[in-house]
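Below is one structure, written out as structure tokens, with a few remarks after it.
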Amino acid sequence: MDEIDVVVIGAGQAGLSSAYFLRRFGFEPLVLDADDGPGGAWRHRSPSLTMDKVHGLFDLPGVRRSDPAVNGGWRPAAVVVPAYFADYERELGLAVLRPVKVTAVARGEGGRLVVTSGAGEWAARAVVNATGTWTRPYWPYYPGTRSFRGRQLHYATYRGPEEFAGRRVVVVGGGTSAAHVLSEIAGVAASTLWATRRPPVFRPLDDFGEDARRDAVALVEERVRAGLPPQSVVAVTGLGYTPIVREALAKGALERLPMFSRITADGVSWDDGRYEEADTIVWATGFRSALDHLAPLRLREPGGGIRVDGTAVLAEPLLQLVGYGPSASTIGANRAGRTAAGNIRRLLAMAPAA
């Protein structure tokens, strides 16, 4: 088993940001990434999500995006952003080992955490977990799900509007993923229906200023400090009038219905007697944090979440969680990387290597 100062698990924006700041603070972290190539979750996005539709993409720390097309244009985000991440890794000379899937993180001897993977084991003085959410799509259960004779898919596997031509589609979910699907399939599908648990709240982009962002982050932080699972971003921020939302509105695709109560063989129904035929259901219902490999540490609180202060896991001082809770956004990921690296610098300064 190799001994090392810091292991970073995940090479998305949060993981690369953490590695960047760790190097600035004098560490040489080992970055383990489960994917075949750079890009994190971006490499798995639908080809139809082009850069002109992407809202809120921020530069990685220390290296600005040099390609003007990264900031807009018709090129797929699944191509452009991973290329930027690959350039970033090369320019910084980061040691990213891939594809390496971490199967467990456990407490070891000598005040270290043991990181186990198919490629080997490392005993680390500190670990930054940046595994994100993309590999854990959330599928809510509704009565009758198994009786549905049509097709069901999650947004994680959505690849564009063409395959929905002539279909009667129900899109479930109140976030930007649902708006993305509706903006593209409306006019291609025979019919679309949008169902959400809560009425959507639309916000002008300029209405969500610094104070509003700070308040939104504070609400998410309050939950994770209490050991509750992080709340969905849209539940706090609402839907901004992004290009995707404006396109969906222009097509009349954002006429929301409350959630149905049951799925039938050929559609969905409500308790008030309403019934709508459907042959396709798209679950744009978000993701959950991919943290199964942390199970040996027994970090879950009775409320189901992990108690975190900033990025520091209160039950395990050697572990930092980035891209979790308030840092689960591109701008939040950069801040979280700096915070996690600073916490590790202070922690290891007080605990000399064994």
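The values are calculated or read from the model by the stated rules, or taken from the named source; none is laboratory data. Bear in mind that the values here come from a model prediction, so they are computed numbers and not experimental data. Note that we place each Cβ from the backbone using ideal geometry, even for glycine, and neighbour counts take in every protein chain shown.
Quick notes
- Single residue of the stretch 292-309 satisfying the filter (in contact (Cβ under 8 Å) with a residue 60 or more places away in the chain and part of a loop (DSSP other than H, G, I, E, B)) that is nearest to the chain's Cα centre (by Cα): G305
- Subset tally (residues that are hydrophobic (A, V, I, L, M, F, W, C) and either at pLDDT 95 or above or in a helix (DSSP H, G or I) (or both)) for the stretch 223-243: 5
- Where strands (runs of 3 or more DSSP E) fall entirely within the stretch 244-291, those with at least 1 residues that are surrounded by 15 or more Cβ atoms within 10 Å (Cβ to Cβ) and among the aromatic types (F, W, Y) are at 280-283.
- Conditions (1) of a type outside the set (S, T, N, Q); (2) more than 18 Å from L16 (Cα to Cα); (3) surrounded by fewer than 19 Cβ atoms within 10 Å (Cβ to Cβ); (4) over 19 Å from the mean Cα position of the chain (by Cα); number of the one not met by L113: (3)
- Pairs where the first residue, in the stretch 118-134, is under 16 Å from R345 (Cα atoms) and touching a residue at least 12 places away in the same chain (Cβ under 8 Å) and the second is of a type in the set (D, E, K, R) and outside any strand (DSSP E or B), C-beta under 8 Å, 6+ apart: A124/R112; R125/R112
- Flag if R146 is charged (D, E, K, R) and buried (at least 16 other Cβ atoms within 10 Å of the Cβ): no
- Residue in the stretch 181-188 that is within 16 Å of Y138 (Cβ to Cβ) and either surrounded by fewer than 17 Cβ atoms within 10 Å (Cβ to Cβ) or touching a residue at least 60 places away in the same chain (Cβ under 8 Å) (or both) present: yes
- Residue in the stretch 76-89 that is out of contact with any Phe, Trp or Tyr (no Cβ under 6 Å at 6 or more places or on another chain) and part of a loop (DSSP other than H, G, I, E, B) present: no
- Of all residues making up the stretch 54-92, the number that are more than 24 Å from L22 (Cα to Cα), surrounded by fewer than 18 Cβ atoms within 10 Å (Cβ to Cβ) and at pLDDT below 80: 8
- Residues that are under 23 Å from the mean Cα position of the chain (by Cα) and polar (S, T, N, Q), drawn from the stretch 239-266: T242
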